[in-house]
Amino acid sequence: MRLRSLAVALLCVTTMAVAVPGAAVADGGRTVDRADAAAGWLARQLVDGERFEVDFNGTKFPDQGLTIDAILAFASAGVSGTNGGKAIAWLAKPEILSGYIGDGGTEAYAGATAKATLAAEVRGVNPASFGGVDLPTRLRGLLTPAGRFSDRSQFGDFSNAFSQSLAIIALKRTPGGVPVSAVDFAVGTQCPDGGFPLFFGASTCVSDTDSTAMVVQALLAVGRTTDANEGLAWLVSKQQANGGISVGSGDAATAPNTNTTGLAGQALKAGGRLLAAVKAKRFIVSVQVGCAGQPADRGAIAYDSSGVNPATVVRATAQAILGLGGPSLAQLSAAGSRPGAPELACRAA
């Protein structure tokens, strides 16, 4: 499922250290699988083994979104199940959940509600009774007559292609399914070149790589293959010789990074563009810290070829893991995940 042969072929071999197989043990053990090693490294970065935080002017706040990224990454790799369980339990705390999705009254955020719903589903937790909230019902309550899932907030509506895609994917996994109007709205945002924009309603439609990867996964989940294939073709056109996917919108596109390439690689694999998906994986592995790196960094995935940056490496690793060969968001499940957080197996030459 994770194209293990490619992972083995791309293992680092240097004059200082060599990756070697290791036996799986209760604490995670050692691994030569790069997705496993990345997920294991990510798990060891969690605060108290359960959450991520963001520092704002010296004060730490919970980072629910990044914590959910980790939950999805652990499930994609099929390891760090113990940390995934702790993370979803932390997210279900009422004060943590409401601080993320809103109170359901004056404040209710479509993207956050959809992402929390998906996290619960991936972990096998009932989203209709999560932290005292019926997440799918609340999410459906944010559907407008036009088919757009929109925020209800005094601060404005910041819903976008990610909100719409996550809502479609999450609701597809529920007994009630996805409202047809929501799918039609997503399809209606498609640009003439086949890609999809991040924001809705602009006078000029400008395709965005991350957004296209997300919408493609949503459309594949509901069987809208013609529109999804047009998006996939556009993503392939943005793939560089090194396998990375160009970032950004239109003329603002910049060099590839692992966040975008991870999302795109997952979409490409889900859509059957396997060669492009393997190339994307190769790019991600090329900037992953291997046995030549510092022991504390081994397994981490840098944002780009400039190397590990503490400000970006956690988020980059969490999102890049999705492009290392795991299933689509619509099929992702933590069921059967191994509990431990493995380390990249290395030995002195």
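The values are calculated or read from the model by the stated rules, or taken from the named source; none is laboratory data. Remember, predicted model here, so these are calculated numbers, not experimental data. Ideal geometry is used to build each Cβ from the backbone, glycine not excepted, and the neighbour counts take in all protein chains shown.
Are any of the residues in the stretch 272-294 surrounded by fewer than 20 Cβ atoms within 10 Å (Cβ to Cβ), under 16 Å from the mean Cα position of the chain (by Cα) and closer than 27 Å to Arg44 by Cβ? Checked the stretch 272-294: no residue is surrounded by fewer than 20 Cβ atoms within 10 Å (Cβ to Cβ), under 16 Å from the mean Cα position of the chain (by Cα) and closer than 27 Å to Arg44 by Cβ. For Val247, the stated conditions do not hold, so it cannot be described as under 18 Å from Ala330 (Cβ atoms) and either within 18 Å of the chain's Cα centre (by Cα) or surrounded by fewer than 19 Cβ atoms within 10 Å (Cβ to Cβ) (or both). Of the residues making up the stretch 146-167, those that are outside any strand (DSSP E or B) and either crowded, with 24+ Cβ neighbours inside 10 Å or hydroxyl-bearing (Ser, Thr, Tyr) (or both) are Ser150, Ser153, Ser159, Ser163, Gln164, Ser165, Leu166, Ala167. Taking the conditions (1) under 25 Å from Val125 (Cα atoms); (2) surrounded by fewer than 16 Cβ atoms within 10 Å (Cβ to Cβ); (3) in contact with a Gly (Cβ under 9 Å, 6 or more places away or on another chain) in turn, Pro175 satisfies each one other than (3). Residues that are of a type in the set (A, V, I, L, M, F, W, C), at pLDDT 95 or above and crowded, with 21+ Cβ neighbours inside 10 Å number at least 1 in the following helices (runs of 4 or more DSSP H) confined to the stretch 1-83: 34-45, 64-77.
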